Amino acid sequence: MNNRANKKKSKILRDVCTESIGFIELILGLVTFFFVISFDLLSIIEKPPGVFIFVVISAVVSTAIGYGILHYKNWARVLLIFFSGYVIALKALIYLDVVQLTGDIIAVPPPYIKDIISILYHLFVVIFFANKKVALKFKA
């Protein structure tokens, strides 16, 4: 009986983590999109056109991934693993001074705090969504 209870708790925890990550991605995408567009329209913060387009596209992709994760779509799981791996690799290249950014997309909090949070979050996402038990829940 104890083994069955542990399996049920593990399943519930996996579902909660999946839905939390989906919600985080959805909210981050929507909030980023809203603020970047609003700030640009109101001339509060103007970004160079390339940065503006990059941020808007990233926000739309994040929103779509969040929606897909919440609906257990396999394409969203695969995209999230890919982009999380990409973020981790990019952060490593930045800290190895192979890649240099010419400006911050977001100025607060300090870059090292954002980077630590980002790396830990994306590392968790890659490990979590690569898990076979989690992957089986997603529809192809």
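Key figures for this structure:
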{"read-out": "Pairs with Cβ under 6 Å, 6+ apart, first in the stretch 128-140 and over 19 Å from Phe83 (Cα atoms) and open to solvent by 20 Å² or more (accessible area, probe 1.4 Å), second modelled with pLDDT of 95 or more and in a loop (DSSP other than H, G, I, E, B)", "value": "Lys137/Tyr72; Lys139/Tyr72"}
{"read-out": "Every pair of residues 6+ apart whose Cβ atoms lie under 9 Å, when the first sits in the stretch 48-59 and is assigned to a helix (DSSP H, G or I) while the second is surrounded by fewer than 11 Cβ atoms within 10 Å (Cβ to Cβ) and among the small types (Gly, Ala, Ser)", "value": "Val51/Gly103"}
{"read-out": "Count of residues meeting criterion [small (Gly, Ala, Ser) and closer than 19 Å to Ile24 by Cβ] in the stretch 36-95", "value": "9"}
{"read-out": "Candidates Leu90, Leu80, Leu26 - the one that is at pLDDT below 90, outside any loop (DSSP other than H, G, I, E, B) and either open to solvent by less than 90 Å² (accessible area, probe 1.4 Å) or farther than 16 Å from Phe128 by Cβ (or both)", "value": "Leu90"}
{"read-out": "Given (1) assigned to a helix (DSSP H, G or I); (2) more than 23 Å from Arg14 (Cα to Cα), number of the condition Ala64 does not satisfy", "value": "(2)"}
{"read-out": "Failed criterion for Lys91 (all others in (1) more than 18 Å from His122 (Cβ to Cβ); (2) over 13 Å from the mean Cα position of the chain (by Cα) hold)", "value": "(1)"}
{"read-out": "Matching entry among Ile12, Ile69 (being in a helix (DSSP H, G or I) and over 17 Å from the mean Cα position of the chain (by Cα))", "value": "Ile12"}
{"read-out": "Residue check for Phe54: buried (at least 18 other Cβ atoms within 10 Å of the Cβ) and more than 30 Å from Leu136 (Cβ to Cβ)", "value": "no"}
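The values are calculated or read from the model by the stated rules, or taken from the named source; none is laboratory data. Keep in mind that what you see is a predicted model, and the values were worked out from it rather than measured. Note that each Cβ is placed from the backbone with ideal geometry, even for glycine, and that neighbours are counted across all protein chains shown. For the accessible areas, the whole protein counts, side chains as well, though only heavy atoms, and no ligand, DNA or RNA atoms are used. Shrake-Rupley method; radii C 1.70, N 1.55, O 1.52, S 1.80 Å.
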